[in-house]
Amino acid sequence: MPNQIKPDKEKSILNYIIEYPTPGPRRIVNELRQQGITISEAGVYNVLRRRKLNHRLDRLFYVREKSDNPVITERYIREKAKGKENHIHSYYPGYLFCQDTFYVGTIKGLGRIYQQAGIDAYASFGFAKIYTDKRAVRAINFLKTKVLPIYRAFNIPLDRILTDNGKEYTTHWTNSTHEYERFLKENRIRHTRIKPRTP
C-alpha cells in the first residue's frame with residue numbers, strides 16, 4: 001500500500017514490543033518519539049493489527065517466540081494451557097452444538113430465572129431462551145422451539161450435542177433413562193458430556 005508505514009519504522013515498533021510487550025499504541029508512539037522516530041498512533045495500530053499483535057496477550061506470545069529472555073506471566077501460562085486443552089474442533093455446521101444452563105438472577109414476583117443457551121461450535125451461531133427453572137423439560141423445550149427449527153429450516157442435520165453433567169441433561173443413576181437423553185435419541189442426536197470440572 002502506498003501509505004503503509006516504512007519497513008524501518010515497522011522494525012522499530014516490533015523491536016520496542018520485544019522490549020516492552022504490554023504498552024498500547026499511544027504509549028509506543030510517545031516512547032518512539034523520544035527516540036526521534038515519528039509515527040502516528042493509527043500507524044502503530046495498523047502495524048500491530050496487520051501482524052496480529054493488537055492485543056496485549058498476542059504481544060506476550062510474540063515476545064516469547066522472538067526474545068532470548070522473555071517475560072512469562074501467570075496469565076501467559078494460563079492462556080497457553082487453555083489454548084491447548086480447551087479447543088473444540090468442529091468441521092461443519094451441525095457437527096457439534098454446545099448447550100448449557102446459566103443462572104441469570106431473581107426477579108421479584110417471578111423468582112429465579114435461568115437461561116438455556118447454545119452455540120454451534122463451527123459457525124459460532126448462538127441461541128438463548130429464558131425459563132423459571134432448569135428442569136430437563138426446559139432443556140428439551142429449548143431444543144424443540146429454538147434450535148431444531150432453525151437447523152431444519154436450513155436442512156442442516158444436528159449430529160451431536162455437548163453438555164455438562166447437570167441434572168437437566170443426564171441422570172447420575174446407573175441403568176436409568178433420562179428424558180433429555182431419550183429426546184436426543186429419538187432425534188438421532190449423539191450426546192457427549194464434558195468431564196467434571198472442565199467448563
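Using θ = phi - 60° and the Karplus relation 6.51 cos²θ - 1.76 cosθ + 1.60, list the HN-Hα couplings for the range 57-64 in order, rounded to whole Hz, with x at every Gly or Pro.
With the stated coefficients, the range 57-64 comes to 5, 4, 5, 5, 5, 4, 4, 4 Hz.
Working out 0.36 nm times the residue gap between residue 51 and residue 187, then minus their Cα-Cα distance, what length gain in nm do you get to one decimal?
44.4 nm
If each residue's Cβ is checked for other Cβ atoms within 10 Å, how do 27, 138 rank with the fewest at the top?
Fewest to most other Cβ atoms nearby, the residues stand as 27, 138.
By average Cβ neighbour count within 10 Å, what is the ranking of 108-119, 50-61 from highest down?
Output ranking for 108-119, 50-61: 50-61, 108-119.
Return the subset of 108/195; 52/195; 108/146; 146/167 for which the Cα-Cα distance in this structure is over 28 Å, preserving the input order.
In this structure, 108/195; 52/195 lie more than 28 Å apart at Cα.
To the nearest µm²/s, what D does Stokes-Einstein give for the range 97-193 at 20 °C and 1.002 mPa s, using the Kirkwood radius over alpha carbon pairs as Rh?
153 µm²/s
Can you sort 19, 31, 181 so the residue with the fewest Cβ neighbours within 10 Å comes first?
Placing the least packed residue first, the sequence is 19, 31, 181.
List the relative contact order of the range 97-193 as a percent without decimals, with contacts defined as Cα pairs under 8 Å and 6+ residues apart.
Over the range 97-193, the number comes to 23 percent.
Readers should treat all values here as calculations from the given coordinates under stated rules, not as data from a laboratory. Bear in mind that the values here come from a model prediction, so they are computed numbers and not experimental data. All Cβ positions, glycine included, derive from the backbone under ideal geometry; neighbour counts span all protein chains shown.
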